[in-house]
Structures are given as structure tokens and as C-alpha cells.
1. Kindly indicate whether any position in segment 222-239 is free of Cβ contacts under 8 Å to residues at least 12 places away in the same chain and assigned to a loop (DSSP other than H, G, I, E, B).
2. Which residues, counting only those in segment 158-177, are within 18 Å of GLY73 (Cα to Cα), touching a Leu at 6+ places or on another chain (Cβ under 8 Å) and surrounded by fewer than 21 Cβ atoms within 10 Å (Cβ to Cβ)?
3. In this structure, does VAL52 turn out to be over 22 Å from the mean Cα position of the chain (by Cα) and either within 19 Å of VAL113 (Cβ to Cβ) or β-branched (Val, Ile, Thr) (or both)?
4. Out of VAL52, VAL38, I need the residue that is on the phi < 0 side of the Ramachandran plot, crowded, with 21+ Cβ neighbours inside 10 Å and of a type in the set (A, V, I, L, M, F, W, C). Which one?
5. So SER285 fits all but one of (1) in contact with a Phe, Trp or Tyr (Cβ under 6 Å, 6 or more places away or on another chain); (2) free of Cβ contacts under 8 Å to residues at least 40 places away in the same chain; what number is the exception?
6. So, in segment 12-43, how many residues would count as being closer than 14 Å to LEU161 by Cβ and either in contact with a Pro (Cβ under 6 Å, 6 or more places away or on another chain) or not in a helix (DSSP H, G or I) (or both)?
7. Looking at segment 124-146, which of its residues are surrounded by fewer than 19 Cβ atoms within 10 Å (Cβ to Cβ) and not small (Gly, Ala, Ser)?
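The values are calculated or read from the model by the stated rules, or taken from the named source; none is laboratory data. In this text the structure is predicted, and so the values were computed from the model without any measurement. Every residue, glycine among them, receives a Cβ derived from its backbone with ideal geometry; neighbour counts consider all protein chains shown. Please note that ligands, DNA and RNA were not included when accessible areas were found on the heavy atoms of the full protein model with its side chains. Shrake-Rupley method; radii C 1.70, N 1.55, O 1.52, S 1.80 Å.
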Amino acid sequence: MKPPAFTHHACRTVEEAVGLLDSASDDSKVISGGQSLVPMMNLRLANPAHLVDLNGIPGLNGIEVGDRTLTVGATARQHAVERSTHVATSAPLLAAALKHVGHPQIRNRGTVVGSLCHADPAAEMPAVFLTLGGHVSAQSASGTRTIAAGDFFDSYLTTALEPNEIATAVTFDTPNGSSGWYFEEVARRHGDFAVIGIVALLTLSGGVISDARLTVFGGAATPVRIPAAEQLLVGVAAADVDADLLARAAAETSAALRPSDDIHASGDYRRHVAGVLTTRGISTSLERAVAGS
């Protein structure tokens, strides 16, 4: 299969790229890794007349660790983030989740920022971003702005980015040493999009859970935080997390989802597995948090 005809623009500066988008935003797409966009073009699901290529722009492939933050540039490859010792230390959840993204050949070319902007609800990076928190840096011809993680995903394959904006970087908030994490997905084969998956992050303060984050992906049009389950955990001593509390949290997760049936799984199956993964996520995150305290 081949894509429809298009004009390729090899940009050398961000200003050049946003200028092109500003003049033809309705008929243009930004490309960096292209691991989602190119297959869609080959299948004629996307038909942009112009591809605005960011790969020739210096300075967009950085990985920078700040004070409780990790910033990944728009053209930083997934494999570079996955293998970074800085990422492994400051954001081990991100490094672990990246191993589930496609296959090594995909990660050698694909980008973290591109995965977020594609916003597939069964993809790993959007769920990790929503769990860790942070913001996307966006630039247009009229200026720059930041979009918080909780405001970034609008619907299926849709984000808060405007058609004339480029996401130049994503900044993840990084947890402290008293936090524990968990990532798991159920897929038909390794590298496939998740049938259902969960990301968990628990933080302890004085042996008590001070922050709890549970995100399910693959069960709705966007990744979904589960506040009812999170609220059950906050304020509970680590030693008091028992089977009854885990069961209640799992029930809240299952009840919060309304996934549809498809050829891969039924909605009932997804709800059930989400509950099972919730118990595993809380237990494992808590163990890691206690060990790091």
C-alpha cells in the first residue's frame, strides 16, 4: 500500500514549521517518528496534502531531568528514553511502560511526544502521562503555551492541540523516593495495543498513603483516572491495606468503566480484568513504596 500524494517539508526551525502549519493547518500533519501517521496514510485513513517534518530541527531530541521533572523533546526516540539511565532513575514507570510499546523496530523510530499526540486510548504513553502528571509544551505562530496532562486528551485520537500548534516537548512530573508504581497490560500478543491495562502510582508519607493514582487504558475513548478507587486509598496506613480494601477498589474501577464489545474482547471482560489489575496495581505499588521509604 502507498500513501496519497503529499508535499514533504523538511523544516530546519520550529518557526518554519509553525509558519507552514499556520498557512495550511487544515491540510497539514506534523511528522516526527511517523509510526502511527504513515500506516494511516497507507490505509487512506489520513490524507494530508502537506507533511511538516520536525526531524531536521536541532534541539528537539533532548531528555532533561529537572527538579522533580523529566522533559522529553518532540523528536526524542522511544528507544532513547527507554534506555536512558536518567529516566530509569527518575521515572522508572515510564521506562517500564516503554518496553510494551510495539516492538524494538517501532521504538527505534517512534517518539514519546508523537504517541501522546496520536492519543490512541489503548496506547501506553497517554496513560503514563495522565498518571504521572505534567504538561505538553505547544508552539504556534502566535506564541507558546502549556497544556496540563489532565486537559490534554479530549476524545478518541483527539487532543487539546490546535491544528496550527506543534507539541515541542512533554514534561512529566517525577515521583519522590516514597512512591511505588505498577504497569500492566493485557494484549493478544506482545507489541499489540492493549485490550485493557492499568497504571498505578502510590506515594507514602509517614507510612500513610498520601497520594494515589490509578489510570485504566483500553477501556474508553481516552485513558481514565479512577478517582473513586483513589479516594479509598488516600489516608490509609500501608499496613492497613487489606483484601477487603483491595476488593472495594477493584469494584470501583470496574464500575467506572463502560467499554464496548469488539472483536478483541467484550466490555464485561474488560471490566473484570480492570478490577483484577487494580488489586495487583495497588499491592505492587505499595510494596515498592514501602521499600523506597
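1. no
2. Once the filter is applied, which keeps residues that are within 18 Å of GLY73 (Cα to Cα), touching a Leu at 6+ places or on another chain (Cβ under 8 Å) and surrounded by fewer than 21 Cβ atoms within 10 Å (Cβ to Cβ), segment 158-177 yields THR171, ASP173.
3. yes
4. Numbers: VAL38 fails: crowded, with 21+ Cβ neighbours inside 10 Å.
Checking each option against the conditions leaves just VAL52.
5. (2)
6. 5
7. Result: THR144, ARG145, THR146.
Yes/no matrix, rows are residues, columns are (1) in contact with a helix residue (DSSP H, G or I) (Cβ under 6 Å, 6 or more places away or on another chain); (2) open to solvent by less than 40 Å² (accessible area, probe 1.4 Å):
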| residue | (1), (2) |
| --- | --- |
| LEU204 | yes, yes |
| PRO223 | yes, yes |
| PRO227 | no, no |
| ALA239 | no, no |
| SER260 | yes, no |
| HIS264 | no, no |
| GLY267 | no, yes |
| VAL290 | yes, no |
